[in-house]
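Worksheet for the structure shown next.
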Amino acid sequence: MPTQIEPALLTELRGRLRTARRVFVLTGAGVSAESGVPTFRGGGQSGVWKGMPFDAISSYRMLQSDLPALWEWFDYRRNLLRDLRPNPAHLTLAAWQEKFAHLCLATQNVDGLHTAAGSRDVHELHGNIWTARCTQCDARESLREETNVTGAAMGATDAATGARERPPVCRSCGNAMRPDVVLFGEMLPAGVFEQAAEGAAACDLCFVVGTSSLVYPAMRLPEIALEAGAYTVEINPEATPFSALCHAAIQGRAGEVLPQLDY
Ligand code: OAD
């Protein structure tokens, strides 16, 4: 049965949305779950790929020790995403951009689905899976043109699929490229957290959607909003460490809850 929001809470939230001046939203893997993107955690389980926990393969250690394996994992993730479309949660948040003079949207997702839904200036805290970055000169190249990548063993660009060799060689300096995503053990891209934190500190209404609220420093952003006096709302079918701190925890699916909040 679709998520039912308690009527008094629905009235309260619609009222707050009508009068809010600055809105901050943090999203995580759960906002893309209804598009078909697997979450990392949730349902009592953590993601495993080829016998490895996702946080071991998505790590700086793996970048240093086995770059082809890192590419293989992200190629696998990218292939899962290739045909997926934004869901009503992404579309509702994109529409909010037109409703509020100030909407700051920060995401931990690397899937690009907020932008595909029409959101602008998304703060991508953990990078973007559709871009490669040179390990030496930081040049970036899009991976969007590749239609399918089936493994790490390719030696050269595949004319049929447009897929580059793995790891791709930087066209600027000839060094190996890496996925342009933040790995466990790495810092966030310069400035992106700070910009999101400014949005969180300045907001009067904050939504935390589809994140387990376990990964630092993103998990700090809703706390910053809370400390600054904002009304905070969590949307997640499961309880998280933030559930007990926020003003309203709605246990439900983002694609069902967010459209109901529209006033
Ligand atoms: P997680 O996989 O940790 O958590 C996903 C959350 O989404 C869980 O709390 C689920 O209960 C919830 N969820 C599932 N379906 C949902 C739905 N339909 N609507 C709303 N919520 C739903 O994902 P993140 O919190 O995003 O980082 O994970 C944070 C970071 O850990 C990721 O960005 C990634 C990962 O390792 C890096 O790779 C650096």
Mean separation of Cα contacts under 8 Å (at least 6 apart) over the residue count of the chain, i.e. the relative contact order in percent, is 25 percent
What is the fewest-to-most order of PHE242, PHE24, PHE100 by other Cβ atoms lying within 10 Å of their Cβ? PHE100, PHE242, PHE24
Highest average packing first - 32-40, 120-128, Cβ atoms within 10 Å: 120-128, 32-40
Full extension from ASN79 to ARG21: what is 0.36 nm times the residue separation minus their Cα-Cα distance, to one decimal in nm? 17.0 nm
Could you order the peptides 86-99, 105-118 from most to least packed, using the average number of other C-beta atoms within 10 Å per residue? 105-118, 86-99
Relative contact order as a percentage, segment 1-110, C-alpha pairs under 8 Å and 6+ apart, gives 45 percent
For the chain, find the longest principal axis of its Cα atoms and tell me its angle to the long axis of helix 67-81, 0 to 90°, nearest 10. 50 degrees
Alpha-carbon Debye profile of the chain, log10 I(q)/I(0) at 0.15 Å⁻¹: -1.07
Taking Cα atoms only, helix 88-99 is inclined relative to the longest principal axis of the chain by an angle, in degrees rounded to 10, of 70 degrees
Helix 7-19 axis, angle to the chain major axis (alpha carbon atoms, nearest 10°): 80 degrees
I'd like the antiparallel share, as a percent to the nearest 5, of DSSP beta bridges with both residues in the chain. 35 percent
Charge context of PRO88, other residues only, Cβ under 9 angstrom, K/R +1, D/E -1: -2
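Each value in this text was obtained by applying a stated rule to the coordinates, not by laboratory testing. This is a predicted model, so every value here is computed, not measured. All Cβ positions, glycine included, derive from the backbone under ideal geometry; neighbour counts span all protein chains shown.
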